[in-house]
Structure formats: C-alpha cells, structure tokens
Amino acid sequence: MQGGEGFQLIPIDLISTDPALNPRSWFDQTSLEELAASIKEQGIIEPLIVRPALEGEGFRLVAGERRYRAAKLAELAELPCVVRHLDDAEALETATHENVHREDMSAPDEALAARKILSRCDGDHAEACRALAWPPQKLKARLLLLHAHKDVLTALTERRIKLGHAELLCTLAEDMQPGTLGSVIEQKINVSDLKAKISQFAMDLDKAIFDKTQCATCPSNSDIQCSLFEETISAGKCQNRACYQEKSEAALSEKRSEYATEYSVVFLDTEKAPEDYKQLESSVVGKSQARACRGCANFGAMLSTRPGSFGLATGEQCFDLACMNEKAEAYQRALEASGDAPQTATVNAEDATDAGAKGEASASSAKTKTAAKKPDTKAASPGVAKLPSAVLKVNYQQARDWARDTVQTDPHLQMALALDALIGHRGCKLPENASGAVAGICASTSGRLERLFAADDALLEEILRLITGEQAANNGENSNILDQKPCYTASVLKLHEVNFKGRVQLTRDYLDAHTKNGLEDVLRGAGFADWYNAEQGEGAFAKLIKGKKPEILDAVEAATKAGFSVDAQYVPSVLHKLS
C-alpha cells in the first residue's frame, strides 16, 4: 500500500479524529472487533482520508474512523492514508459523502449529516440532494427523523426497531414517543400494524395552523360526530390524518412565504442545527448595531416542523454567530473605552440608553457621557456581514445610473471606456513602432482604464488607430458599456470622484427590495423617521414600522409627494466602497 500512487503510511499516533466531521455517533463493538480481526489478517484495503492539522504536527481524520478504531484494536502502528488539503466545508462534504453511501451507517447519523449539508447549502434542498447524491424523498425522510425522541433514535441505532418504526414514531408529539416505543418493543409490533394504529390517532384541531372553515362541516371532525353518536372521541379532533397533514404542509409553505417579506432568510428547524443560530439581542451588540443587523442577509426566522409545535415561528434570529460574536466584542470594547458608567460606553445616545443601567439617565449622567473617554467608534460602528442580493441589486442599479449620467457628459471618458473594452476583447497587439507612451498604457490589464483616462485625446486617438486603423466616433453610446461590463460602474464613479450625497432616491421599488425588518435602518438613516414624527406626532414612526410592509411603503410614497426628501448626507453603507 505504501507504494500506491497518492498513498502514504502515517504513524497512527499522528492521526486524531474530528468529532465535528464524522457523521457517525455509534459504532457496533462486535462489528469493530470483526473488522479488527480482518485487518490483522489482510491489512487495510482502502486507505483513510486525512488532512494536515491546522495547528501543530499531525493529521486530522476526514473519513475512515471505523477503520481507524479497528486498526487501534488490531494494534497497527501505521495506517495507509490519502492526504488532502481541505478547508472545513470541503472536509465536511467529503466526510459526509464517504459515509452516507456505506451500508452500515445508521439512519439517525444520516439525518444529522444531511442537516449539516443542508445548512451549508443555506436550506437549498435540491443542492443538498446533489451533494449527498440522494433523491429528494430520502432527504425529506431523514430530516423528519430529527423530530424523533432520543430514545427512539437510540433504539433505531442499536437495531432494536426498524427504520419504518422510527419514521412513524417521529410523527407523534415528542412526549408520546417513549411510551409508544416501549409498547412497540415489548409487544413486538411490526411496522404495518404500527402504521395502522397511528393512522387512527386523532389530530387536535385547536393546534392546526391552517384555515379550518371547511373543517366545520367535515365528517372527520369529531364535533360533527359528537352531535350524531353517543360513542365518539373527544370534541375538536380530526380523524383524517392525511388530510390534516396535507393542509398543514400547505399552510407552513404559505407562512414561510409571509415571513420572507419580513426577514432575509426563513429556515425550517430541520435545515439548521440549534447551535447554528441565536436570538439577536441589542443588549449584546448595542441598539444601533442590532437595528443594522435587521437588514442583514443572515437575519431571519425559524419555523418549527416538530409535532406539537408545528408552524411555530421564532423571529429575530442571527444565522452568522461568528459575526455576532465580533459585533458583541466590538460593543464591549466600546463599553470599556468609555469608562465605568455603562450609559457612557456607546457610540451614540441610543446605545447609551440601551447598554446603560436600568435606571433613568439623569443630567449628571449626561455630563459624564460628554466627559467620558471617546469609545472605539470604528470597532463599534454598525455594519452587517452580508446584505441580501435584492438590496445589493437596487443599490448598484442606482450607482450605475449615476455612472451612466457621468459617462454621457464626458466624451474623453467614453473614449477611454471604449478602448479598454476593445483592448480586453481583441487583446493588445501593438506594432513594433508604437511609442513608449502607448506601450506603457496598454502594458497590463491592472490599472489600464485609469491610465487611459489620464491620457490626452491625441494619445487615445493614436492607440485606436494602431489597434483598429479607425478614427474615433464619440456619440454617447459608450454609456451602454456599463450594462455590458458592470465592473466599469465602480471605476467610473471613482475616476470622476462622484459625490453620492444627495443622490439617493427612496423609490417604491428601491424600498420593496428590502425586507420589512431591513426598512427601519434605511428609513432612519435617510431622515424619514424624524420627518414622519414631526408631521404625525412623536412615536408615529415607531407605530408605522410595526405595521405591514405595504403600509410602510405607502406612507413613504405619500410623504415624498407631501415634501419629504432624503437627507442630503445619507449614503447606504453598501455604496461607500464604490466611492
């Protein structure tokens, strides 16, 4: 094995396992001992996959822990390994792919592995299926196992029940599962009989998340039965389990769509592990930062698919905990930099109130605030890890319009853009007699547009003749090049040092690209909140922002007609890097 291409023998003491990667949580001891005996006789036929340890010497195991454990039992000193340089995401995908296609991997382990992959795919089930090489039905079935009680999962892993048992038990409320499991094992109930018994379980209509108008006259409604028969189940129950589940799934999909207008992302609890998200709290990151976070692409809601809490939504969730920790640390640095009084520790008055003691801010505390050491405003400045793609798009559309206006009024810039695009398309093959100035401008791609813009018209004409043999004809059409090559937008804005202030327009389409939660930070920054409170009375904006998104957009549209204009100093943070 040592001589095989791509393999190398590595001392077993230099290899360590990585619990975060291995999707297996249970190893059958008898099976391990059998494998160890085989390894003693034949050696390891298939090499393990490892990657170099990030810190110190040695290697971290990516795939092959069962062989690794058996090799230890067999007292092998070295193991045949394939060394791959993988980042965490690549290692996770490799480990999952290597394990889920082995017959001895348990279904509960497959379920946890599937959720990890689905989380990395941001809830995209089709992409997760491709990564796992699974059909959609298998992915759905494994994710539903995440609702199984731990006793059910343990029994399945230890082969005391079949997969079909577990799939049926996980459709029950969690507190009902252990008792039913005990009956299944004790009475040796087969899958078919269990299915028949569970299909008779009535569903509680009070907990239904769908419109129950049609249920009022449905013969499966126990309310109807109570009025007709003496012996019936209790009132308010649905005995048509299939219909109940179908309506519930449709209502959940609709609810997810509704929440998508408020939040950038909406996940089901089967798509993210509990340790991958956390409630966003202003006391942790500061009030102004928390408000900015509400417009982040990683700020969202979680919908439960668990029996007993099906359809329950939990909002205000952050799905980028690394970023949240950074913001929390920055906020703490600002607190520490401003002295002992908590209410003096923040960048602005809002954060001072939010982070301060629970008591009221007095005049003396205000004086302390003024005299306190200035906090690290750079570290504490509000920002987000990632903006939603729709928000990026509308901001870049505005920037492109500003760049187009600039190009249309500057023939020299039009020529520079056209030449840069032409050189990039044809390649710059200059004749040997080209002047040094021309060669210097066209020498490399990096900074070429800037060099062309800095050159005079005569030099640009010379370059054009040398490349094409044609004369320049500037007619303003080169402004369309911004649509063909979006990268030119930022270049034009920077070359002309275009001032963005006073240019931002809060059109309905622009605002509609933001989620309802993301609108508040935009409207406050643009000055609308102050204007609206002045017109409608103190607290009017706070009341408005709690309403529905169309009502907020209507109010801004009406305000614009009534004289509101965006604060001349306002520039969305995403556009700062273009200036």
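Residues of region 49-76 with amide nitrogen under 18 Å from the 7 Å Cα-to-Cβ point of ASN325? Within reach of a label on ASN325, which here means backbone N under 18 Å from a point 7 Å along Cα→Cβ, region 49-76 contributes 54-55. Surface analysis of region 508-577 yields an accessible area of 52 Å² per residue, using protein heavy atoms and a 1.4 Å probe. For region 264-338, the share of accessible area belonging to carbon and sulfur comes to 49 percent (1.4 Å probe, ligands and nucleic acids excluded). Rounded if a/c is under 1.5, else prolate if a/b beats b/c, else oblate: with a ≥ b ≥ c from the C-alpha gyration tensor eigenvalues square-rooted, which is region 148-262? It is oblate, given that a/c is not under 1.5 and a/b is not larger than b/c. Derived scalar couplings between HN and Hα for region 440-455 equal x, 5, 8, 4, 9, 5, 4, x, 5, 4, 4, 5, 5, 5, 6, 6 Hz in order, rounded to whole Hz, by the Karplus curve 6.51 cos²θ - 1.76 cosθ + 1.60 (θ = phi - 60°), x for Gly and Pro. Measuring between alpha carbons in the structure, the pairs from LYS116/LYS150; LYS327/LYS549; LYS287/LYS516; LYS140/LYS272 lying more than 20 angstrom apart are LYS327/LYS549.
When all alpha carbon pairs of region 508-577 are counted in 10 Å bins from zero, the resulting P(r) reads 19, 59, 20, 1 %. Amide hydrogen proximity for LEU268: with H placed 1.01 Å from N in the peptide plane, the residues at 5 or more positions away or on another chain lying under 5 Å are LEU303. LEU280 sits with roughly 20 Å² accessible to a 1.4 Å probe, with DNA, RNA and ligands left out of the calculation. The accessible-area ordering, largest first, of the residues ASP530, ASP410 stands as ASP530, ASP410, per a 1.4 angstrom probe. Of the residues THR314, THR445, ranked by 1.4 Å probe accessible area with the largest first, the sequence reads THR445, THR314. Taking all protein chains in place and a 1.4 Å probe, what share, in percent, of the accessible surface of region 508-577 do carbon and sulfur account for? The nonpolar share, carbon plus sulfur, comes to 46 percent. Taken about its Cα centre, region 148-262 carries a charge dipole of about 460 debye when Lys and Arg each add +1 at the Cβ and Asp and Glu each add -1 at the Cβ.
Surface calculation, 1.4 Å probe, protein heavy atoms: VAL184 sits at approximately 10 Å² accessible. Heavy-atom accessible area per residue, region 148-262, 1.4 Å probe: how many Å²? Roughly 61 Å² per residue, with all protein chains present.
3J(HN,Hα) couplings calculated from phi for region 256-272 with the Karplus curve 6.51 cos²θ - 1.76 cosθ + 1.60 (θ = phi - 60°) are, in sequence order, 5, 5, 5, 5, 5, 7, 9, 10, 5, 9, 9, 10, 8, 5, 7, 9, 9 Hz; Gly and Pro show x. With protein chains left intact and a 1.4 Å probe, residues in region 264-338 average 39 Å² of accessible area per residue.
Straight-line reach from LYS237: which aspartates and glutamates have Cα under 13 Å away, leaving out those fewer than 8 places along the same chain? Once the sequence-local aspartates and glutamates are set aside, what remains near LYS237 is ASP204, ASP206, ASP223. Measuring with a 1.4 angstrom probe and ignoring ligands and nucleic acids, CYS238 comes out at about 20 Å² accessible. Solvent-accessible area assigned to carbon and sulfur over region 70-178 amounts to 51 percent, based on a 1.4 Å probe.
For region 70-85, backbone phi angles converted through the Karplus equation (6.51, -1.76, 1.60; θ = phi - 60°) give residue-by-residue couplings of 5, 5, 5, 5, 7, 6, 6, 8, 9, 10, x, 9, 9, 9, 10, 8 Hz, Gly and Pro being listed as x. Reported to the nearest whole Å, the Cα centre-to-centre distance from region 532-561 to region 145-211 is 50.
For a test of the definition: using alpha carbon positions, the gyration tensor, and the 1.5 limit on a/c, classify region 28-186 as rounded, prolate or oblate. Verdict is oblate for region 28-186. Put a dot 7 Å past the Cα of PHE201, heading toward its Cβ, do the same for THR154, and the two dots end up 2.0 nm apart. By definition, a body whose alpha carbon gyration tensor gives a ≥ b ≥ c is oblate when a/c is 1.5 or more and a/b is not larger than b/c, and region 8-101 fits this oblate description.
Each Cα pair under 8 Å and six or more residues apart adds its sequence gap; the mean of these over the residue count of region 264-338 is a relative contact order of 37 percent.
In terms of accessible area, using a 1.4 Å probe and ignoring ligands and nucleic acids, ASP109, ASP405 rank largest first as ASP405, ASP109.
The values are calculated or read from the model by the stated rules, or taken from the named source; none is laboratory data. Computed from a prediction, not measured in an experiment: that's the story for all the values here. No Cβ is skipped: glycine too gets one built from the backbone with ideal geometry, and neighbour counts run over all protein chains shown. In case anyone asks, the SASA skips ligands and DNA or RNA and just uses the protein heavy atoms, side chains included. Shrake-Rupley method; radii C 1.70, N 1.55, O 1.52, S 1.80 Å.
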